[in-house]
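The values are calculated or read from the model by the stated rules, or taken from the named source; none is laboratory data. Since we're looking at a predicted model, the values are computed, not measured. Quick reminder, even Gly has a Cβ in these numbers, built from the backbone with ideal geometry, and neighbours come from all protein chains shown.
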Amino acid sequence: MIPLIKFVMCAMMPRTESLPGIADTDVDGFLRRLRKDAIPLYWVGLVLGAVVFVLTPLFTIGVPLPAFALSKKLLDRHTERILAHPIYVIRQAVFLVRVSGGLCWGADERVRAHFALAPYPPDPGTFRQS
């Protein structure tokens, strides 16, 4: 599931000329830690959000292909439309993936440097669900 979630996060948060994208961060490591630390319901929501994103291009852009088979231009259009979809549940399903990606992206030291922020200290590992 991690590659699927990573694909969706990368589609939603691409690199720009001035900022690194989420693909420039340690997404795999972040998702492995998230899988270990998150409650099962959160992880299930993340997986379902990624599945919704991958399976809905037919409804957002009228193309009967999964999102990973779209061209860059169509993938960008699909991303834009699903994040503003009029059906709240669909919009919220993929929003969970985007918020999780934002947590990964915003904690990256290179991203923080672009905003003149100091890197986060190492995780002390004190938070663990019981």
Residues that are more than 19 Å from residue 111 (Cβ to Cβ) and part of a loop (DSSP other than H, G, I, E, B), drawn from the stretch 1-41 = 1, 38, 39
Which ones in the stretch 69-90 are surrounded by 11 or more Cβ atoms within 10 Å (Cβ to Cβ) and small (Gly, Ala, Ser)?
-> 69
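Of 107, 50, 93, which residue is surrounded by 14 or more Cβ atoms within 10 Å (Cβ to Cβ) and at pLDDT below 90?
Numbers: 107 fails: at pLDDT below 90; 50 fails: at pLDDT below 90.
Of 107, 50, 93, the one residue that is surrounded by 14 or more Cβ atoms within 10 Å (Cβ to Cβ) and at pLDDT below 90 is 93.
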List every residue pair whose Cβ atoms sit under 9 Å apart, with the two residues 6 or more apart in sequence or on different chains, where the first one lies in the stretch 116-130 and is among the charged types (D, E, K, R) and at pLDDT below 80 and the second, anywhere, is surrounded by 10 or more Cβ atoms within 10 Å (Cβ to Cβ) and not in a loop (DSSP other than H, G, I, E, B).
-> 123/33; 128/36; 128/37
